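Here is the structure we will look at.
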Amino acid sequence: MKFFVGVTDNNWYNFLANIKPDEVNFWQPKGKQTFKAIGVNDLFLFKLHHPLNFIVGGGIFVRYVPLPISLAWEAFGNKNGTENYYSFRDTIYKYRKTDRKKDPDPVIGCIILTSPFFFNKNEWIAVPEDWSPNIVRGKTYDTNTVIGKKLYQQIQKRLNKNVSVNIVCENNMANRYGQKQVIYPRIGQGTFRVLVTEAYNRRCAITGEKTLPVLEAAHIKPYSQKGPHSITNGLLLRRDLHTLFDRGYITIDENLHIEVSKRIKEDYGNGREYYAYHGKKLATIPDTVFEKPDPKFLRWHNEHVFLG
């Protein structure tokens with residue numbers, strides 16, 4: 001088993017260790033470098049900057065994706081490791097050595113982690129003997145090696161002490177998380193938004209619109225009604241269409257055709273733009289069958305939300 005030890009911004013770590021969120025964005029100031037060191041569900045550990053040469057926590061890797069900072073903030077908010085958007089933006093500019101006039105919405109690399117955990121100071125682990133002070137981003141370890149196995153055992157020992165930490169991945173749809181075959185660990189609202197946005201290639205499912213700031217990840221079956229944070233329960237919609245979908249004026253049938261309710265005209269005396277989509281197939285559909293809308297969620301929306 002491979003796992004990764006990433007060099008962590010100390011302020012980022014301290015902020016998140018204080019609020020203990022359900023997911024975090026371990027961001028990189030530049031979005032050009034990809035992250036392929038480990039796979040989905042693998043362990044990602046936090047190592048503080050020198051001279052604090054300790055491993056202090058970690059999380060479960062879900063996905064790497066480059067995102068403009070505006071979307072990264074909308075998706076994760078203070079789970080990006082700062083109190084507000086402006087401090088987040090200024091931190092990015094400090095690392096990039098630029099400013100908002102030259103780079104109004106820079107793209108950063110987002111390493112999305114779920115089920116993060118943060119060790120008490122007395123549980124911090126000294127870096128392995130093969131750790132080099134020249135390492136900037138991080139280092140991959142493998143449990144098939146002596147050093148990797150030892151470090152992994154130290155992590156597991158600390159996690160076992162804390163029964164509130166659960167890094168076991170789920171793959172049962174009944175548990176409201178993940179998917180049946182493309183398995184993701186337990187994910188939160190921010191991760192859901194990013195995964196849905198990427199599954200739809202950053203285009204509105206109904207219109208094909210690709211202006212990212214006006215696109216939103218919609219739950220087909222709301223989370224409040226026990227709908228899961230899973231891609232198969234998501235649609236990427238333009239903001240106005242998201243509102244109409246949630247209020248029952250628009251739905252999608254099991255064949256992925258759009259239905260527009262006659263109630264738009266009855267209730268508001270308009271709706272010509274929306275009726276133009278009635279009967280058409282979705283303009284954008286995920287590439288893989290495991291990311292397409294689940295018929296059972298579409299049926300639920302038709303039966304319980306759509307106004308007909």
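The values are calculated or read from the model by the stated rules, or taken from the named source; none is laboratory data. From a predicted model like this one, the values you see are computed outputs, not experimental measurements. Heads up, the Cβs are rebuilt from the backbone with ideal geometry, glycines too, and the neighbour counts pull from every protein chain shown.
May I ask you to list the residues in region 118-166 that are out of contact with any helix residue (DSSP H, G or I) (no Cβ under 9 Å at 6 or more places or on another chain), among the aliphatic types (A, V, I, L, M), surrounded by 13 or more Cβ atoms within 10 Å (Cβ to Cβ) and under 20 Å from ILE19 (Cα atoms)?
LEU159 - this is the single residue of region 118-166 that is out of contact with any helix residue (DSSP H, G or I) (no Cβ under 9 Å at 6 or more places or on another chain), among the aliphatic types (A, V, I, L, M), surrounded by 13 or more Cβ atoms within 10 Å (Cβ to Cβ) and under 20 Å from ILE19 (Cα atoms).
For GLY31, state whether it is modelled with pLDDT of 95 or more and small (Gly, Ala, Ser).
Criteria not met by GLY31.
So GLY188 fits all but one of (1) among the small types (Gly, Ala, Ser); (2) modelled with pLDDT of 95 or more; (3) within 30 Å of ASP105 (Cα to Cα); what number is the exception?
(2)
Of the conditions (1) of a type outside the set (Val, Ile, Thr); (2) within 21 Å of ASP142 (Cβ to Cβ); (3) surrounded by 16 or more Cβ atoms within 10 Å (Cβ to Cβ), PHE15 satisfies every one except a single condition; which number is it?
PHE15 satisfies every listed condition except (2).
Out of everything in region 38-52 that is modelled with pLDDT of 95 or more and farther than 17 Å from ARG186 by Cα, what residue ends up being farthest from the chain's Cα centre (by Cα)?
LEU48
Please identify the pairs in which a residue from region 110-137 that is within 14 Å of ILE55 (Cβ to Cβ) has its Cβ atom under 6 Å from the Cβ atom of a residue that is surrounded by 17 or more Cβ atoms within 10 Å (Cβ to Cβ) and not hydrophobic (A, V, I, L, M, F, W, C), counting only partners at least 6 apart or on another chain.
PRO116/GLY59; PHE117/GLY57; PHE118/GLY57; PHE119/GLY57; PHE119/ARG158; GLU123/ARG158
Return yes when GLY208 is modelled with pLDDT of 95 or more, surrounded by fewer than 18 Cβ atoms within 10 Å (Cβ to Cβ) and under 27 Å from PRO66 (Cα atoms) and no when it is not.
yes
Starting from residues that are surrounded by 17 or more Cβ atoms within 10 Å (Cβ to Cβ) and free of Cβ contacts under 8 Å to residues at least 24 places away in the same chain, keep the ones in region 57-90 and report whichever is nearest to PHE192 (Cα to Cα).
TRP73
If we scan region 253-270, do we find a residue that is in contact (Cβ under 8 Å) with a residue 24 or more places away in the chain, surrounded by 21 or more Cβ atoms within 10 Å (Cβ to Cβ) and not hydrophobic (A, V, I, L, M, F, W, C)?
Within region 253-270, one or more residues are in contact (Cβ under 8 Å) with a residue 24 or more places away in the chain, surrounded by 21 or more Cβ atoms within 10 Å (Cβ to Cβ) and not hydrophobic (A, V, I, L, M, F, W, C).
Report yes if some residue within region 100-107 is surrounded by fewer than 20 Cβ atoms within 10 Å (Cβ to Cβ) and of a type in the set (A, V, I, L, M, F, W, C); otherwise report no.
yes
With the checklist (1) in contact with a Ser or Thr (Cβ under 9 Å, 6 or more places away or on another chain); (2) surrounded by fewer than 24 Cβ atoms within 10 Å (Cβ to Cβ) in hand, flag the one item LEU237 doesn't pass.
(2)
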